[in-house]
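A short worksheet on the structure shown next.
The values are calculated or read from the model by the stated rules, or taken from the named source; none is laboratory data. All values reported here derive from a predicted model rather than from experimental measurement. With ideal geometry, Cβ positions are generated from the backbone for all residues, glycine too; neighbour counts draw on all protein chains shown.
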Amino acid sequence: MLSPLEQEFASYAKSFFTPDETVTRNLRLKLAHSFRVRNEMAKLVEVEGFSPEETRLALRTALLHDLSRFEQYSRFRTFKDLDSFDHGERSAELAVSLHMIDDLADDEQADVLTAIRAHNKLRIPVGITPRANLLAKAIRDADKLDILPILLGYLKDPENKSIVFGLDPEPELSPVVRDTLLRGETPNHRDMRTVCDFLAGKLLWTHDLNFGWTRREFRRRGYIEELMKSMPDTPLFRRICEIAMRPLLSA
């Protein structure tokens, strides 16, 4: 049974549904994603021993982290921030304007909003509070755990191009993305030109996982191996796979 806040969140998301099934399908995808990320977060905080206060704020962060995705796709017909708006920043704005964090203390609100803003950035910003940093690390991990199955589903049925931002389907890496991956770093979305860039970039998410439980889950669920099935079987991609696996081998 959904809590009052979860019901409010779902009603807000559904307010953007339209008779256009192409649009509504992607909005449903993000609604389901938000609840699954909340569920991943619930597992993470239990295993990693978050305090009751940290758990409460982490679950709120997880539910609201993609709050702006419904407006984004309805207005721009894309989930690509570069062609619309920064969905982390906008989700934080909406969490305030829609009064979805009013029940939290001021310092709690500030930390949740910081984590929401940070969840989609290339790196967590410096200078934030220790609790905001913990929440940001947790939401980034929980989010990644659910995005990978969505991408793997796309690979089995590559009809919904919105999942890969409508990038070029050529099975090639752009030079900038290739060099970034070989350095063991996650490439920036602005440098991505092909679906191959996009998918290969997710391999290096393993270097940006913050908790032992998340790394173990990545390995247990076989995400890297499944992604590699969509990549060319060449020395370059085998090298990138090796780099991606390193953080998981010691988890």
Fill in: Neighbours by Cβ (under 9 Å, 6+ apart or cross-chain): first from region 35-55, within 14 Å of residue 66 (Cβ to Cβ); second among the hydroxyl-bearing types (Ser, Thr, Tyr)
40/214; 41/55; 41/61
Discussion item. Can you tell me which residue is surrounded by the most Cβ atoms within 10 Å (Cβ to Cβ) among those in region 22-37 that are closer than 21 Å to residue 101 by Cα and over 12 Å from the mean Cα position of the chain (by Cα)?
Written reply: 31
Discussion item. Among the residues that make up region 114-132, is at least one of them outside the structural domain of residue 64 (by TED's automatic domain parsing), assigned to a helix (DSSP H, G or I) and among the charged types (D, E, K, R)?
Written reply: no
Discussion item. I'd like the residue in region 132-159 that is farther than 28 Å from residue 74 by Cα and free of Cβ contacts under 8 Å to residues at least 24 places away in the same chain and, out of all such residues, is surrounded by the most Cβ atoms within 10 Å (Cβ to Cβ).
Written reply: 132
Item to complete: Report those helices (runs of 4 or more DSSP H) wholly inside region 195-243 carrying at least 2 residues which are in contact with a helix residue (DSSP H, G or I) (Cβ under 8 Å, 6 or more places away or on another chain) and in contact (Cβ under 8 Å) with a residue 60 or more places away in the chain.
Response: 212-220, 223-228
Worksheet, complete the sentence: Picked from region 181-192 (must be assigned to a helix (DSSP H, G or I) and in contact (Cβ under 8 Å) with a residue 24 or more places away in the chain), the residue surrounded by the fewest Cβ atoms within 10 Å (Cβ to Cβ) is 190
Response to the item:
Checked 174, 162 against criteria (hydroxyl-bearing (Ser, Thr, Tyr) and touching a strand residue (DSSP E or B) at 6+ places or on another chain (Cβ under 8 Å)); the one match is 174
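For (1) in the same structural domain as residue 37 (by TED's automatic domain parsing); (2) under 21 Å from residue 81 (Cβ atoms); (3) touching a Ser or Thr at 6+ places or on another chain (Cβ under 9 Å); (4) loosely packed, with under 14 Cβ neighbours inside 10 Å, each residue gets a yes or a no:
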{"site": "173", "(1), (2), (3), (4)": "no, no, yes, no"}
{"site": "194", "(1), (2), (3), (4)": "no, yes, yes, no"}
{"site": "199", "(1), (2), (3), (4)": "no, yes, yes, no"}
{"site": "204", "(1), (2), (3), (4)": "no, yes, yes, no"}
{"site": "209", "(1), (2), (3), (4)": "no, no, no, no"}
{"site": "220", "(1), (2), (3), (4)": "no, no, no, yes"}
{"site": "228", "(1), (2), (3), (4)": "no, no, no, no"}
{"site": "242", "(1), (2), (3), (4)": "no, no, no, yes"}
Item to complete: Kindly list the number of the only condition in (1) part of a helix (DSSP H, G or I); (2) more than 29 Å from residue 39 (Cβ to Cβ) that fails for residue 173.
Response: (1)
Item to complete: Please specify each residue of region 108-131 satisfying the condition of being closer than 30 Å to residue 181 by Cβ and crowded, with 17+ Cβ neighbours inside 10 Å.
Response: 114, 115, 116, 117, 118, 119, 120, 124, 128
Item to complete: Tell me which residues, restricted to region 79-130, are touching a residue at least 24 places away in the same chain (Cβ under 8 Å) and either touching a strand residue (DSSP E or B) at 6+ places or on another chain (Cβ under 6 Å) or of a type in the set (Val, Ile, Thr) (or both).
Response: 101, 112, 116
Worksheet item: Which numbered condition trips up residue 162, out of (1) among the hydroxyl-bearing types (Ser, Thr, Tyr); (2) within 24 Å of residue 74 (Cα to Cα); (3) assigned to a loop (DSSP other than H, G, I, E, B)?
Response: (3)
